[in-house]
1. Do you know which residues across segment 90-118 are buried (at least 17 other Cβ atoms within 10 Å of the Cβ) and not in a strand (DSSP E or B)?
2. Here's a check for you: in segment 55-84, which residue that is over 13 Å from the mean Cα position of the chain (by Cα) and surrounded by 13 or more Cβ atoms within 10 Å (Cβ to Cβ) is modelled with the lowest pLDDT?
3. Of the residues S47, S14, which is touching a Cys at 6+ places or on another chain (Cβ under 9 Å), among the hydroxyl-bearing types (S, T, Y), surrounded by 12 or more Cβ atoms within 10 Å (Cβ to Cβ) and within 24 Å of F107 (Cα to Cα)?
4. Among the residues of segment 43-53, what is the count of those that are out of contact with any helix residue (DSSP H, G or I) (no Cβ under 6 Å at 6 or more places or on another chain) and more than 13 Å from H13 (Cα to Cα)?
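The values are calculated or read from the model by the stated rules, or taken from the named source; none is laboratory data. Not measured: the values here are computed from a predicted model. Ideal geometry is used to build each Cβ from the backbone, glycine not excepted, and the neighbour counts take in all protein chains shown.
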Amino acid sequence: MEKQDGAFRWLHHSIVECGGKPIGFCRYYACADSDELWEGFSAMGGSYSIDYLIGETGYLRRGIGRQIVTALTERIRAHGGAERIVAAPDQKNRAYCGLLLASGFTFNTDRSIYVKAL
């Protein structure tokens, strides 16, 4: 977040709070603005990626991750030209992978990436 007005201005960061206490962060960005290929989704245009982290263990498994993914989806949907969201969590992170599936993402087995059409 330190360089959000400079080299990383294409990233949209937010601090996640619960009851006024910071417990993590989230971000989204247009894939075309990053230097990542996103398994070909960057070249398609209209692709966005999301990330989040809940750093306070007492707030895990309380539905906050689902709220974050929903909020990020709505923010991205508000951008003109947004067509899809892609995410590539570590497959060992079963909670995040399961959350993406429960949030309407599908797993593209050919590209090993989660995709949600908007």
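1. Scanning segment 90-118 gives Y96, C97, L99, L100, S103, F105.
2. H79
3. Result: S47 is the single residue among S47, S14 that is touching a Cys at 6+ places or on another chain (Cβ under 9 Å), among the hydroxyl-bearing types (S, T, Y), surrounded by 12 or more Cβ atoms within 10 Å (Cβ to Cβ) and within 24 Å of F107 (Cα to Cα).
4. 4
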